[in-house]
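See below for the structure under consideration.
The values are calculated or read from the model by the stated rules, or taken from the named source; none is laboratory data. All values derive from a computational prediction rather than experimental measurement. Glycine gets a Cβ as well: all are built from the backbone with ideal geometry, and neighbour counts include every protein chain shown.
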(Lines give C-alpha, C1' and ligand atoms only; values in the text may rest on other atoms or scores of the structure.)
Protein backbone atom coordinates (compact mmCIF):
# COMPACT_ATOMS: atom_id res chain seq x y z
CA UNK A 1 0.00 0.00 0.00
CA UNK A 2 1.30 3.46 -0.88
CA UNK A 3 2.61 5.46 2.04
CA UNK A 4 -0.14 8.03 2.78
CA UNK A 5 2.42 10.60 3.93
CA UNK A 6 4.32 10.20 0.65
CA UNK A 7 1.15 10.31 -1.43
CA UNK A 8 -0.14 13.51 0.18
CA UNK A 9 3.26 15.25 0.27
CA UNK A 10 4.14 14.45 -3.34
CA UNK A 11 0.72 15.59 -4.57
CA UNK A 12 1.05 18.87 -2.68
CA UNK A 13 4.64 19.36 -3.83
CA UNK A 14 3.96 18.66 -7.51
CA UNK A 15 0.99 21.03 -7.57
CA UNK A 16 3.13 23.85 -6.25
CA UNK A 17 4.49 26.38 -8.80
CA UNK A 18 7.76 26.34 -6.86
CA UNK A 19 8.52 22.86 -8.19
CA UNK A 20 8.24 24.06 -11.80
CA UNK A 21 10.47 27.04 -11.03
CA UNK A 22 13.06 24.78 -9.36
CA UNK A 23 13.15 22.44 -12.36
CA UNK A 24 13.39 25.41 -14.76
CA UNK A 25 16.23 26.96 -12.76
CA UNK A 26 18.03 23.58 -12.58
CA UNK A 27 17.86 23.14 -16.35
CA UNK A 28 18.87 26.76 -16.95
CA UNK A 29 22.03 26.27 -14.88
CA UNK A 30 22.95 23.03 -16.66
CA UNK A 31 22.26 24.47 -20.09
CA UNK A 32 24.29 27.56 -19.24
CA UNK A 33 27.24 25.38 -18.27
CA UNK A 34 26.89 23.38 -21.48
CA UNK A 35 26.81 26.51 -23.63
CA UNK A 36 29.86 27.97 -21.91
CA UNK A 37 31.91 24.79 -22.33
CA UNK A 38 30.60 23.42 -25.62
CA UNK A 39 28.66 26.20 -27.33
CA UNK A 40 31.51 27.21 -29.62
CA UNK A 41 31.97 23.64 -30.85
CA UNK A 42 28.68 23.09 -32.62
CA UNK A 43 28.89 23.47 -36.35
CA UNK A 44 32.62 22.76 -36.44
CA UNK A 45 34.45 19.71 -37.64
CA UNK A 46 35.23 17.16 -34.91
CA UNK A 47 38.78 17.29 -33.60
CA UNK A 48 40.79 16.66 -30.44
CA UNK A 49 39.87 20.07 -29.03
CA UNK A 50 36.17 19.15 -29.29
CA UNK A 51 36.82 15.94 -27.41
CA UNK A 52 38.61 17.73 -24.58
CA UNK A 53 35.85 20.32 -24.32
CA UNK A 54 33.28 17.54 -24.20
CA UNK A 55 35.15 15.89 -21.32
CA UNK A 56 35.32 19.24 -19.53
CA UNK A 57 31.60 19.77 -20.06
CA UNK A 58 30.73 16.36 -18.60
CA UNK A 59 33.01 16.85 -15.58
CA UNK A 60 31.69 20.35 -14.85
CA UNK A 61 28.07 19.22 -15.21
CA UNK A 62 28.69 16.37 -12.78
CA UNK A 63 30.44 18.68 -10.30
CA UNK A 64 27.70 21.31 -10.58
CA UNK A 65 24.93 18.81 -9.91
CA UNK A 66 26.86 17.31 -7.01
CA UNK A 67 27.21 20.65 -5.22
CA UNK A 68 23.67 21.75 -6.09
CA UNK A 69 22.23 18.56 -4.62
CA UNK A 70 24.21 19.00 -1.42
CA UNK A 71 22.99 22.60 -1.14
CA UNK A 72 19.35 21.98 -2.09
CA UNK A 73 18.60 18.81 -0.12
CA UNK A 74 18.90 20.34 3.41
CA UNK A 75 16.71 23.27 2.39
CA UNK A 76 14.06 20.90 1.03
CA UNK A 77 14.03 18.62 4.07
CA UNK A 78 14.43 21.19 6.85
CA UNK A 79 10.68 21.48 7.34
CA UNK A 80 9.84 17.80 6.84
CA UNK A 81 9.49 16.93 10.55
CA UNK A 82 10.34 20.24 12.19
CA UNK A 83 7.64 21.95 10.14
CA UNK A 84 5.07 19.49 11.42
CA UNK A 85 6.12 20.35 14.96
CA UNK A 86 5.86 24.07 14.25
CA UNK A 87 2.33 23.61 12.91
CA UNK A 88 1.54 21.24 15.81
CA UNK A 89 0.41 18.55 13.41
CA UNK A 90 3.00 15.88 14.19
CA UNK A 91 1.05 14.58 17.19
CA UNK A 92 -2.05 14.38 15.01
CA UNK A 93 -0.17 12.16 12.58
CA UNK A 94 1.05 9.93 15.40
CA UNK A 95 -2.41 9.41 16.91
CA UNK A 96 -3.68 8.13 13.54
CA UNK A 97 -1.61 4.97 14.13
CA UNK A 98 0.92 6.11 11.53
CA UNK A 99 4.23 4.79 12.77
CA UNK A 100 7.19 7.19 13.11
CA UNK A 101 9.21 5.15 10.61
CA UNK A 102 6.43 5.45 8.05
CA UNK A 103 6.26 9.21 8.60
CA UNK A 104 10.02 9.55 8.20
CA UNK A 105 10.11 7.36 5.09
CA UNK A 106 7.23 9.29 3.53
CA UNK A 107 8.90 12.65 4.13
CA UNK A 108 12.27 11.37 2.92
CA UNK A 109 10.89 9.81 -0.25
CA UNK A 110 8.96 12.98 -1.06
CA UNK A 111 12.14 15.09 -1.05
CA UNK A 112 14.11 12.37 -2.82
CA UNK A 113 11.42 12.18 -5.53
CA UNK A 114 11.86 15.87 -6.29
CA UNK A 115 15.65 15.50 -6.51
CA UNK A 116 15.14 12.42 -8.68
CA UNK A 117 12.98 14.55 -10.98
CA UNK A 118 15.76 17.15 -11.23
CA UNK A 119 18.38 14.52 -12.03
CA UNK A 120 16.18 12.87 -14.67
CA UNK A 121 15.32 16.23 -16.25
CA UNK A 122 19.03 17.01 -16.44
CA UNK A 123 19.85 13.72 -18.19
CA UNK A 124 19.38 15.09 -21.75
CA UNK A 125 21.81 17.91 -20.94
CA UNK A 126 24.28 15.39 -19.53
CA UNK A 127 24.09 13.54 -22.84
CA UNK A 128 25.31 16.54 -24.85
CA UNK A 129 28.99 15.44 -24.61
CA UNK A 130 27.91 12.33 -26.54
CA UNK A 131 27.67 14.51 -29.64
CA UNK A 132 31.46 14.85 -29.76
CA UNK A 133 32.21 11.34 -28.51
CA UNK A 134 33.72 12.57 -25.26
CA UNK A 135 32.01 10.03 -23.02
CA UNK A 136 29.90 6.91 -23.40
CA UNK A 137 26.30 6.37 -22.40
CA UNK A 138 27.35 3.85 -19.73
CA UNK A 139 29.60 6.49 -18.14
CA UNK A 140 26.75 9.00 -18.10
CA UNK A 141 24.41 6.45 -16.50
CA UNK A 142 27.09 5.68 -13.88
CA UNK A 143 27.27 9.41 -13.17
CA UNK A 144 23.48 9.55 -12.79
CA UNK A 145 23.58 6.61 -10.37
CA UNK A 146 26.24 8.42 -8.36
CA UNK A 147 24.06 11.56 -8.20
CA UNK A 148 21.10 9.50 -6.99
CA UNK A 149 23.18 8.07 -4.14
CA UNK A 150 24.39 11.55 -3.17
CA UNK A 151 20.83 12.90 -3.29
CA UNK A 152 19.58 10.08 -1.07
CA UNK A 153 22.39 10.57 1.45
CA UNK A 154 21.85 14.35 1.60
CA UNK A 155 18.10 13.87 2.07
CA UNK A 156 18.69 11.44 4.94
CA UNK A 157 20.99 13.94 6.66
CA UNK A 158 18.31 16.61 6.32
CA UNK A 159 15.56 14.32 7.66
CA UNK A 160 17.69 13.38 10.66
CA UNK A 161 18.36 17.05 11.43
CA UNK A 162 14.66 17.86 11.01
CA UNK A 163 13.65 15.09 13.40
CA UNK A 164 15.98 16.52 16.07
CA UNK A 165 14.77 20.12 15.69
CA UNK A 166 11.68 22.05 16.69
CA UNK A 167 12.00 24.77 14.05
CA UNK A 168 12.76 24.85 10.35
CA UNK A 169 15.56 27.40 10.72
CA UNK A 170 17.38 25.34 13.35
CA UNK A 171 16.91 22.23 11.22
CA UNK A 172 18.53 23.92 8.21
CA UNK A 173 21.52 25.02 10.29
CA UNK A 174 21.97 21.55 11.80
CA UNK A 175 21.71 19.94 8.34
CA UNK A 176 24.54 22.00 6.89
CA UNK A 177 26.66 21.51 10.01
CA UNK A 178 26.15 17.74 9.79
CA UNK A 179 27.11 17.73 6.12
CA UNK A 180 30.28 19.69 6.87
CA UNK A 181 31.15 17.37 9.77
CA UNK A 182 30.60 14.28 7.63
CA UNK A 183 32.79 15.72 4.89
CA UNK A 184 35.56 16.69 7.31
CA UNK A 185 35.56 13.63 9.59
CA UNK A 186 35.47 11.12 6.75
CA UNK A 187 38.38 12.92 5.05
CA UNK A 188 40.64 12.64 8.12
CA UNK A 189 42.42 9.50 6.80
CA UNK A 190 43.87 11.69 4.02
CA UNK A 191 45.74 13.74 6.63
CA UNK A 192 47.22 10.75 8.46
CA UNK A 193 50.61 9.29 7.67
CA UNK A 194 50.38 6.13 5.55
CA UNK A 195 51.31 2.93 7.33
CA UNK A 196 54.39 0.93 6.46
CA UNK A 197 52.27 -1.85 4.97
CA UNK A 198 50.74 0.63 2.53
CA UNK A 199 53.94 2.44 1.57
CA UNK A 200 55.78 -0.82 0.98
CA UNK A 201 53.26 -1.68 -1.71
CA UNK A 202 52.48 1.75 -3.15
CA UNK A 203 56.10 2.86 -3.62
CA UNK A 204 57.22 -0.48 -5.06
CA UNK A 205 56.22 -0.64 -8.74
CA UNK A 206 56.45 -4.45 -8.84
CA UNK A 207 54.26 -4.94 -5.75
CA UNK A 208 51.85 -2.27 -6.95
CA UNK A 209 51.44 -3.99 -10.32
CA UNK A 210 50.76 -7.30 -8.58
CA UNK A 211 48.22 -5.74 -6.18
CA UNK A 212 44.75 -7.22 -6.70
CA UNK A 213 41.60 -5.04 -6.57
CA UNK A 214 40.30 -6.86 -3.47
CA UNK A 215 43.61 -6.31 -1.67
CA UNK A 216 43.60 -2.64 -2.71
CA UNK A 217 40.09 -2.27 -1.28
CA UNK A 218 41.18 -3.75 2.05
CA UNK A 219 44.00 -1.16 2.26
CA UNK A 220 41.68 1.82 1.73
CA UNK A 221 40.45 3.26 5.08
CA UNK A 222 36.73 2.37 5.47
CA UNK A 223 35.98 5.86 6.73
CA UNK A 224 37.13 7.29 3.41
CA UNK A 225 34.47 5.31 1.55
CA UNK A 226 31.77 7.31 3.36
CA UNK A 227 33.13 10.59 1.98
CA UNK A 228 31.05 11.85 -0.99
CA UNK A 229 34.02 13.85 -2.27
CA UNK A 230 36.11 10.68 -2.45
CA UNK A 231 33.34 8.97 -4.43
CA UNK A 232 33.21 11.92 -6.83
CA UNK A 233 36.99 11.93 -7.30
CA UNK A 234 37.02 8.16 -7.83
CA UNK A 235 34.27 8.39 -10.44
CA UNK A 236 35.98 11.18 -12.39
CA UNK A 237 39.31 9.40 -12.24
CA UNK A 238 37.81 6.09 -13.33
CA UNK A 239 35.96 7.64 -16.26
CA UNK A 240 38.21 10.49 -17.40
CA UNK A 241 41.61 9.87 -15.75
CA UNK A 242 41.34 13.49 -14.74
CA UNK A 243 43.86 13.40 -11.89
CA UNK A 244 46.60 11.32 -13.51
CA UNK A 245 48.61 14.29 -14.81
CA UNK A 246 48.40 16.08 -11.47
CA UNK A 247 49.30 13.13 -9.25
CA UNK A 248 52.40 12.15 -11.24
CA UNK A 249 54.22 15.11 -9.66
CA UNK A 250 53.52 13.89 -6.11
CA UNK A 251 56.38 11.77 -4.87
CA UNK A 252 55.00 10.73 -1.47
CA UNK A 253 52.19 11.27 0.99
CA UNK A 254 48.86 9.78 1.95
CA UNK A 255 47.06 11.44 -0.94
CA UNK A 256 49.28 9.70 -3.47
CA UNK A 257 48.82 6.38 -1.66
CA UNK A 258 45.04 6.63 -1.77
CA UNK A 259 45.17 7.71 -5.41
CA UNK A 260 47.23 4.68 -6.43
CA UNK A 261 45.07 2.32 -4.36
CA UNK A 262 41.98 3.82 -6.00
CA UNK A 263 43.51 3.24 -9.43
CA UNK A 264 44.29 -0.39 -8.63
CA UNK A 265 40.75 -0.96 -7.38
CA UNK A 266 39.27 0.91 -10.33
CA UNK A 267 37.81 4.39 -10.07
CA UNK A 268 34.25 3.45 -11.06
CA UNK A 269 34.36 0.40 -8.77
CA UNK A 270 35.52 2.54 -5.85
CA UNK A 271 32.77 5.07 -6.58
CA UNK A 272 30.15 2.30 -6.76
CA UNK A 273 31.27 0.84 -3.43
CA UNK A 274 31.30 4.30 -1.87
CA UNK A 275 27.76 4.96 -3.18
CA UNK A 276 26.63 1.69 -1.59
CA UNK A 277 28.17 2.66 1.74
CA UNK A 278 26.57 6.13 1.57
CA UNK A 279 23.17 4.55 0.83
CA UNK A 280 23.49 2.20 3.81
CA UNK A 281 24.51 5.08 6.08
CA UNK A 282 21.52 7.05 4.81
CA UNK A 283 19.20 4.19 5.75
CA UNK A 284 20.73 4.14 9.24
CA UNK A 285 20.07 7.89 9.54
CA UNK A 286 16.41 7.33 8.65
CA UNK A 287 16.14 4.73 11.41
CA UNK A 288 17.72 7.19 13.86
CA UNK A 289 15.29 9.88 12.70
CA UNK A 290 12.33 7.54 13.31
CA UNK A 291 13.69 6.74 16.78
CA UNK A 292 14.03 10.48 17.51
CA UNK A 293 10.42 11.13 16.43
CA UNK A 294 9.19 8.23 18.56
CA UNK A 295 11.22 9.35 21.58
CA UNK A 296 10.07 12.97 21.43
CA UNK A 297 6.45 11.96 20.93
CA UNK A 298 6.59 9.82 24.09
CA UNK A 299 8.25 12.66 25.99
CA UNK A 300 5.50 15.04 24.88
CA UNK A 301 2.87 12.66 26.29
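Remarks
- Residues considered: 113, 73, 80, 108. Of these, the only one that is closer than 22 Å to residue 283 by Cβ, at pLDDT below 85 and under 23 Å from the mean Cα position of the chain (by Cα) is 80.
- The residues on offer are 147, 130, 181, and the sole one that is part of a helix (DSSP H, G or I) and buried (at least 18 other Cβ atoms within 10 Å of the Cβ) is 147.
- Residues (more than 19 Å from the chain's Cα centre (by Cα) and either touching a residue at least 24 places away in the same chain (Cβ under 8 Å) or over 13 Å from residue 239 (Cβ atoms) (or both)) located in the stretch 126-146: 127, 128, 129, 130, 131, 132, 133, 134, 135
- Top-ranked residue in the stretch 25-49 [being in a helix (DSSP H, G or I) and modelled with pLDDT under 60; ranked as surrounded by the fewest Cβ atoms within 10 Å (Cβ to Cβ)]: 48
- Where helices (runs of 4 or more DSSP H) fall entirely within the stretch 216-301, those with at least 2 residues that are within 29 Å of residue 200 (Cβ to Cβ) and at pLDDT 90 or above are at 228-240, 267-300.
- Residue check for residue 149: in contact with a helix residue (DSSP H, G or I) (Cβ under 7 Å, 6 or more places away or on another chain) and farther than 30 Å from residue 239 by Cβ: no
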